[in-house]
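Novice: Quick one: the structure is below, questions incoming.
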Amino acid sequence: MAGLRGLGRVVAGGVGGALALAALGGCVASRQEPGQATAAVADALAEAGSAAQTTRIAVELLSRGRLTGPVADTTLLDQLRVLDDADAALTTLVPPDAASSAHRADGLAAVGDVTDVVVAAREWVAVRSGGDLGAGPAGAGELLDDLDQAAGAVDEALAAAGGP
Amino acid sequence: MTHGPRIVDARLHLLSRQVLDVDGEPVSTVDDLELRGPDGSEARAGQEAHVAAILVGPALVTRLFGGRAPTSRMPRIAWDDVGHLGTAVELAVSSDGLDADWVEHWVRERLVERIPGGRHDPEGDR
Amino acid sequence: MKKVFAAALGILTAIGGFVDIGDLVTNAVVGSRFGMSLVWVVVVGVVGICLFASMAGRVTAVSGRATFEIIRERLGPRAAGANLVASFAINLLTLTAEIGGIALALHLASSVEPRLWIPVAGLAVWLVLWRVKFQIMENVAGLMGLLLVGFAVALFLLGPDWGELLRQAVPPSPPGTEHPASYWYYAVALFGAAMTPYEVFFFSSGAVEERWTAKDLSTNRVNVLVGFPLGGLLSVAIAACAAVVLLPAGIEVSSLSQIVLPVAQAGGVLLLALVIVGIVAATFGAALETALSSGYTVAQYLGWSWGKFRRPARAARFHLTMIVALLLGVGILMTSVDPIAVTEMSVVFSAVALPLTYVPILVVANDPEYMGEHVNGRVVNALGTVYLVIVVVAAVAAIPLMIATGAGS
Amino acid sequence: MNVGDLLDARVLGPDGVPLGVVVDVRLALETRDEPDDGPGGREDREDREDSEDRKDSEHDAALSSRARRDAVGGAVVLGLLVGPRRAGSYHGYERTQVRSPWPVPQIVRRLHRGTYLVRWQDVAAVDDGAAAGAGGWSVRLAPGYAELPPELG
C-alpha cells in the first residue's frame, strides 16, 4: 500500500485514468516532471509524518501503562517499515531540477531523523518490557521531545515541498 | 398409474441441475443428456427419440470447450435410474454403485480416508 | 426456550461474523482519512447484504439449492464457469487476507513474527474444518468476535465531539484535503467489504449445513435483520475511533497495530486485550467461512458432495478443495506479501464480482418453480432492482477508480 | 446424439436458408403417482433431524409451499425451440409468466423475441458438422414445418 502511494500520486497528479499507463512510464527515471517529483517527495514525507505521530501515541500510551509491550513493539516495527518505504521512495527518485533535488535532500534527512527516534523508542520499549539491553536509553519525556523535533523537521520539509 | 406428461425444456429444467442419489447425497450435475432411438439405437432426426442417460464429467469439458469425446466412453447415469425431478434430479439408486462417481470414490479412498479423522462424523458427539 | 436461544445465538454469530479483516482495515483506513464522511456507504452496504443474504437464505431454505448450484443452473456451464473462476480467485484472496489477519493479530498479542504464525493459523483453520461441528464452529467464532464491541466501548470512553462526527457524516462530502476520486475509490472498497460475496455463499450453504426448511424463514429474517446492522454499527465504531484519534494526528493507517491504538488510548490494556482477542476470533471465523466458501462454490458448480455435516470421507473432493485453498493462501502469505495490501485488493475485487453473485440470486428468488409461494414480494424486488443498479455501477467503477487513484492514494 | 450437440446448433430451412439457432430441446416427461413416502433429498435431510416439536401438519404445509417435484419416468423428445439469434441462455423468462425483477426478464424477452417451437417430426436431418467447412452442428427442417408458439403449457 505504502509503496503504491507515491505512484498513485504521480498518476492522480496530472492525468486521468486513461493516461495512467503513460504516467506509469513517466515514473521511470529521468522523464519526471518537476511537479510530480515534488509530489512524490511530499507523499513520502506525509508517510514519515504519520509514522512519527503513530510513534508518539504509542510511546505516550506505553508510558501511561495503557499499552502492552508486544503491541507497542509491533506498532514501532510497522512504523519502521513505513519509514523504510518512504526512504526508498525518496532514494530512488531522480530529481529533474535543482529545486526538487533540494526537497529530496531535506526529505531524506527528515525521514532519517524520524527513523532514529523510532529506533530509540523501540529500545526503550524493549527495556520497559523487561528485555535487558544494558545501558538504558532515554526516558519517555526525552523520546517525545526528540519526536517533536523530528516531526517538526518533516513538517518543514513538507511545507517546502508544497505538501498540505 | 400415470397422468399427463410434464413438458420441460432440457436446458431450462435439466441441464446443469444437481443430481442427488436416493439418500440425497450429491452425485454430479447434469452436464449433458444422451438421446437414443427406440430399443437403444442411434437417435435419428425426426424419428422417435428419448433421453437414455445423463452424461457427467467429460461432457462438461466438451460442452465448455467444444470438441467431441466418444459418447460411449463418457461416465453416464442411466435415465432409468432417475426417480424424481424437482429443483434437483433425484435418482432412485445409491451413488455407491454408480461408476459415474468414480473420482469421488478415488479421492475418498486414496486421500481423504487416509488422513486421521477422515471418517470422523462431525455431527457425532465424539 | 431452546428456540429463543437458537435465535439469539444466530444473531450474535451474525454480528461477530459480519466484521472481518476487510471491514476492519477498510473502515479504519477510511476513518483516518475521510473521517465519518463515508458512513453512508456502510449503511447502504448493510441494507444490501441484509437484502441479499436473507434472499439467498430463503432460496436455499425453500428449494434446498445453494447459491452456486443456482448460479450454474441459471447462467449455464460457460458463464457460470467464468463466474466460478472469478469467485474462487477473489475468495482465495479474501482467505489469504483473513489468515494474514490472524497472524497479524497474534503478532500484536505476542511479538512473535507474523511469518511464524501464518502456518500455525492455516493449520488451525484446517483442523477446525476437519473436525469441529458446524454449529459449534460458527457460534464460538461469532461469540468471541463479539469482543469487537470493544471498539464501540472505546468510542464512548474517548468522549468525542458527537456533533462534529455527525457533521462529518451528514451531508456526506469528501474532506477538502482529499481528491474526489480517492473518496469514491474508498466508497467502492467499503461497499465491497460490506457486501463481500463469500458472505452470501456461506450464508446460503450454511442454511443447508443447518438443515433449514421453509419453517426456518423467520429465524433467517431475524438473524439477518438484527445481526448485520449491528455488525454495521461495529464497522462505524471502528471508523469513528480512527476518525477521533488518528485523523487529527495526520496518521494514515497502514497496519493493524494502528487500528487498535484508539482502543488502548480509551480503555487501556484490558480493553485492548479484549479487542485483540476479538480480532483473532473474527478473522479466524472469516477464514473458516472463506475456506468453506471456496469448497462450496467449486463443489456446487460441479455437483460434488459437500458440507461440513458430512464425514470428510463422504465429501472427499470438497475437503480436498479446501485443503488446496488453504495451502495456496498460506503459500501466498509466505512470499511475505503485506496482508493489509492483500485485504485492500480483496475488497475492491469483491466489488467487481458483486453482480456475478447477486443477479442470479435475485432472478431465482422470483422463480415460482423454485420458490413456490415464497417468491420475492414487491418491496423486496423494488429494493433488489435498486441494488442491482448500485452493484453494477460499483463493479464497473471499481477498476477505473483503482487505476486513476493508484489504489487510493 | 446428445442434447448438448443440438443446443446452439445452426437451424437451416428445407432449402438451406439459415433460420437461427437451437435454443432449447423440449421434452415430454412421463409422470407417476406415488405413495406419499417418496424418497428424496430434502425430505431425507429432514427425516434425520430430531424434530419432536415439528408436527406432521406443519410438515405438510411446508411441503405444499415448496417447488414442484414429480416422480418421473421416460423422457421423449417433442421438438426444438428455435431462436432467430444466438442470445445465450434463456434464464427461463421467455417461456414462463415471471415478470420480476424488472428489468431482467424484459431485457431477456427482448433478446429472444421471435422464438418458436418446431416439432421433432419436422426435423429432417441433424448434421454433426464433421464434413469440411461445415462449421459445427446444424439442423435442417423438413418441408412444410410449422412454427409453433414457444410457451410452456
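Read-outs throughout are calculated quantities, based only on the coordinates presented, and are distinct from any laboratory measurement. Note that the structure is predicted; figures quoted are calculated from it, not measured. Note that each Cβ is placed from the backbone with ideal geometry, even for glycine, and that neighbours are counted across all protein chains shown.
Novice: Shape call for the protein assembly as shown from the C-alpha gyration tensor, a ≥ b ≥ c root eigenvalues: rounded (a/c under 1.5), prolate (a/b greater than b/c) or oblate? List each step's numbers first, then the result.
Specialist: Numbers: a/c = 2.41, a/b = 1.83, b/c = 1.32.
Prolate shape, in that a/c is at least 1.5 and a/b is the bigger ratio.
Novice: Roughly how large, in nm² to one decimal, is the mean projection of the convex hull of the alpha-carbon atoms in chain C?
Specialist: Mean shadow area of the hull around the Cα atoms is 18.8 nm².
Novice: In the stretch A:139-164, whose amide N lies under 16 Å from the spot 7 Å out along Cα-to-Cβ of A:E60? List them in ranges.
Specialist: Residues A:140-152 fall inside that zone.
Novice: For chain B, give the magnitude of the charge dipole about the Cα centre (Cβ charges: +1 Lys/Arg, -1 Asp/Glu; no others), in debye to the nearest 20.
Specialist: Working: 14 positive and 22 negative charges, 114 e Å.
In debye, rounded to 20, chain B gives about 540.
Novice: Estimate the FRET efficiency between B:D99 and D:D33 by the formula 1/(1 + (r/R0)^6), using the beta-carbon distance for r and 22 Å for R0, to the nearest 0.05.
Specialist: Numbers: r = 31 Å, r/R0 = 1.42.
That pair, B:D99 with D:D33, gives E of 0.10.
Novice: Okay, moving on. Which of the listed residues, B:A43, A:V127, C:L233, is farthest toward the dipole's positive end in the protein assembly as shown, when Lys, Arg count +1 and Asp, Glu count -1 at the beta-carbon?
Specialist: The Cα lying farthest towards the positive end belongs to B:A43.
Novice: Next question. Evaluate E = 1/(1 + (r/R0)^6) for B:W106 and D:R113, where r is the Cβ-Cβ distance and R0 equals 35 Å; express this FRET efficiency to the nearest 0.05.
Specialist: Details: r = 48 Å, r/R0 = 1.37.
Step by step, r from the Cβ atoms, then E = 0.15.
Novice: So how strong a dipole does the protein assembly as shown carry about its Cα centre when Lys and Arg Cβ are +1 and Asp and Glu Cβ are -1, to the nearest 20 debye? Walk me through the numbers on the way to the answer.
Specialist: Working: 65 positive and 91 negative charges, 267 e Å.
Here the protein assembly as shown has a charge dipole of around 1280 debye.
Novice: Label the stretch C:88-135 by shape, choosing from rounded, prolate and oblate, from the square roots a ≥ b ≥ c of the eigenvalues of the Cα gyration tensor; if a/c is under 1.5 it is rounded, and otherwise prolate applies when a/b is larger than b/c, oblate when it is not.
Specialist: Details: a/c = 2.38, a/b = 1.31, b/c = 1.81.
Verdict is oblate for the stretch C:88-135.
Novice: Taking a virtual spin label 7 Å from the Cα of C:R221 along the C-beta vector, which residues in the stretch C:35-79 bring their backbone nitrogen under 13 Å of it?
Specialist: The answer is C:54-55, C:58, whose backbone nitrogens lie closer than 13 Å to the label point.
Novice: Normalized C-alpha radius of gyration of the stretch C:24-143, against 2.2 N^0.38 Å?
Specialist: In units of the 2.2 N^0.38 Å rule of thumb, it is 1.35.
Novice: Estimate the FRET efficiency between D:W102 and D:R68 by the formula 1/(1 + (r/R0)^6), using the beta-carbon distance for r and 30 Å for R0, to the nearest 0.05. Intermediate results must be reported in sequence, preceding the final value.
Specialist: Values: r = 25 Å, r/R0 = 0.83.
Efficiency computed from Cβ-Cβ geometry: 0.75.
Novice: Something else about it: Per DSSP H run of n ≥ 4, the term is -39500 (n - 2.57); total these for the protein assembly as shown, divide by its residue number, and report the mean residue ellipticity at 222 nm rounded to 500 deg cm²/dmol.
Specialist: Details: 28 runs with 497 residues, N = 852.
After summing the helix terms and dividing by the residues of the protein assembly as shown, the value is -19500 deg cm²/dmol.
Novice: If each of C:D161 and B:L64 carries a label point 7 Å out from its Cα toward its Cβ, how far apart are those two points in nm?
Specialist: 5.8
Novice: Right, next: Cα axis of helix C:2-18 to longest principal axis of chain C: angle in degrees, 0 to 90, nearest 10?
Specialist: Tilt relative to chain C: about 60 degrees.
Novice: Between C:T177 and D:A142, with labels modelled 7 Å along Cα→Cβ, what's the label distance in nm to one decimal, could you check?
Specialist: 8.1
Novice: Something else now. Charges on Cβ only, +1 for Lys and Arg, -1 for Asp and Glu, centred on the Cα centroid of the stretch C:67-215; of C:A109, C:G145, C:L127, which one is farthest towards the dipole's positive end?
Specialist: Toward the positive end, the furthest listed residue is C:L127.
Novice: Work from the charge dipole of the protein assembly as shown (Cβ charges, +1 for Lys and Arg, -1 for Asp and Glu, about the Cα centre) and give the residue of A:T54, C:H374, D:G13 farthest towards its positive end.
Specialist: D:G13
Novice: Is the shape of chain B rounded, prolate or oblate, going by the alpha carbon gyration tensor and its root eigenvalues a ≥ b ≥ c, with a/c under 1.5 for rounded and a/b larger than b/c for prolate? It would help to have the intermediate numbers written out before the result.
Specialist: Numbers: a/c = 2.48, a/b = 1.63, b/c = 1.52.
Prolate.
Novice: For C:A89 and C:V4 in the same chain, what is the full-extension length gain: residue separation times 0.36 nm, less their Cα-Cα distance, in nm? If you can, show how the numbers build up before the last one.
Specialist: Values: separation 85, 0.36 × 85 = 30.60 nm, distance 3.83 nm.
Here the answer is 26.8 nm.
Novice: Another one. Say each of B:E42 and C:V393 gets a label point 7 Å from the Cα, pointing the same way as Cα to Cβ; how far apart are those two points in nm?
Specialist: Roughly 5.8 nm, to one decimal.
Novice: What size of dipole, in debye to the nearest 20, comes out for the stretch C:55-167 about its Cα centre when the only charges are +1 on Lys and Arg C-beta atoms and -1 on Asp and Glu C-beta atoms?
Specialist: Working: 9 positive and 7 negative charges, 106 e Å.
With Lys and Arg at +1 and Asp and Glu at -1, about 520 debye.
Novice: Oh, and also: Report the residues of the stretch B:21-42 in range of a label on D:A130: point 7 Å along Cα→C-beta, backbone N strictly under 14 Å from it.
Specialist: Under 14 Å, as judged by backbone N against the label point of D:A130, lie B:42 of the stretch B:21-42.
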